1. Okay, helix-only estimate at 222 nm for the chain: each DSSP H run of n ≥ 4 adds -39500 (n - 2.57), divide by all residues, round to 500 deg cm²/dmol; what do you get?
2. Would you work out which of 144, 52, 115 lies farthest towards the positive end of the dipole of the chain? Charges go on Cβ: Lys and Arg +1, Asp and Glu -1.
3. Mind checking the full-extension length gain between residue 110 and residue 97? Use 0.36 nm per residue of separation minus the Cα-Cα distance, one decimal, nm.
4. Measure up 8/56; 50/135; 8/36; 67/99 against 30 Å on the Cα-Cα distance and list the ones that go over.
5. In square nanometres, what is the average projected area of the Cα convex hull of the chain?
6. Order of 139, 13 from fewest to most other C-beta atoms within 10 Å?
Amino acid sequence: MKLLLLLKDILLEGNTLPNRNYEAKKIHFPMGMKYKKIHACSNDCILYQKDFELLKSCPRCGLSRYKLKKKDDDTIEDIEKHGPPMKVMLYLPIIPRIKRLFENPNDAKNLRWHAYERKCDGMYQHPTDFIQWKKLDDEFPEFGKETRNIRLGLATNGMNSFGNMSTNHNS
Ligand SMILES: [Zn+2]
């Protein structure tokens with residue numbers, strides 16, 4: 001909610017960005033932009049799903065899945081059944097979002113632009129001009145032939161994979 005308010009302050013006056021998280025959800029949910037809440041270990045060891053779904057504490061570090069409550073006699077009690085989880089990850093399923101892109105004719109046309117309207121003049125102007133794209137086409141020709149197939153790239157800035165020293169990587 002703070003982020004929404006901050007963004008609204010930065011944008012020009014009269015913008016239509018929702019004021020509150022609740023209003024943003026009211027817009028997103030009918031569009032199929034739901035998200036799934038998955039409990040996570042506070043130390044980022046595991047997600048409580050699949051084999052770990054029913055566990056009440058982390059099998060690696062032993063930390064409770066739920067917030068702890070202090071009793072009157074200063075002992076600590078787990079809030080296992082109805083207590084709030086220590087950490088929650090919001091999972092945004094990607095397939096419904098990609099499907100939505102193809103529901104809009106203009107967006108669908110733009111998604112296939114690389115196959116039909118791109119200039120092929122030997123210059124590097126689009127990811128399709130690069131060797132990685134072509135290599136994927138060679139390895140998976142059936143995938144490459146279908147112009148509606150989506151290729152996802154992953155990029156990161158300033159990531160320190162294993163927390164070693166103070167070196168950051170961009171990839
Ligand atoms: Zn853990």
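No value in this document is a laboratory result; all are computed from the given coordinates. These numbers were taken from a predicted model, which means no experiment stands behind them. Methodologically, a virtual Cβ is constructed for each residue, glycine included, from the backbone with ideal geometry; neighbour enumeration extends over all protein chains shown.
1. About -8000 deg cm²/dmol.
2. The one lying farthest along the dipole's positive direction is 52.
3. So the chain would gain 3.1 nm between residue 110 and residue 97.
4. Correct reply: 8/56; 50/135; 67/99.
5. Hull-based average projected area comes out at 17.7 nm².
6. With the fewest neighbours first, 139, 13 line up as 13, 139.
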